[in-house]
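Everything below concerns the one structure shown next.
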């Protein structure tokens with residue numbers, strides 16, 4: 001499930017903008033292209049996961065509203081095939097800057113953090129106690 005749904009994106013930016021950014025048919029269909037939008041959402045979600053996985057076990061049980069807003073800005077940025085307008089780029093850079101703060105532990109999404117390597121798919125090796133030492137003759 002994406003961090004921001006199509007409905008969230010329409011509420012943030014309006015259907016007209018999403019149609020303009022996703023409708024790549026010739027001639028234009030005049031509708032939001034769900035496949036184009038889903039591709040941008042997946043790119044945004046992957047980018048977000050790269051930051052929040054440092055602090056939170058994924059997938060998240062609930063998506064905080066702050067994360068939905070960030071996902072909207074990042075998805076919108078990814079919908080531009082060429083250079084994005086200055087406002088869109090600024091909002092994207094602000095979202096990424098906040099996610100970096102989350103990854104560094106200097107900002108919070110209001111979710112419980114996971115501890116240590118649990119849930120991160122990492123292997124932990126313990127050698128146990130030493131039974132014999134060099135020169136030990138028992």
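Each reported figure results from applying straightforward, stated rules to the coordinates on display, with no laboratory input. Please read all numbers here as calculations on a predicted model, not as lab measurements. Every residue, glycine among them, receives a Cβ derived from its backbone with ideal geometry; neighbour counts consider all protein chains shown.
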Assuming a viscosity of 0.692 mPa s and a temperature of 37 °C, what translational diffusion coefficient in µm² per second does Stokes-Einstein assign to segment 23-79, Rh being the Kirkwood radius over Cα pairs? 260 µm²/s
Once the convex hull of the C-alpha atoms of segment 6-104 is built, how many Å³ does it hold per residue, rounded to a whole number? 96 Å³
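For the residues 78, 39, what sequence is obtained by ranking on other C-beta atoms within 10 Å, fewest first? Let's see the in-between values first.
Details: 78 20, 39 15.
Fewest-to-most Cβ neighbours within 10 Å comes out as 39, 78.
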Give me the extension gain from residue 86 to residue 23: residue separation times 0.36 nm, minus the current Cα-Cα distance, reported in nm with one decimal. 20.5 nm
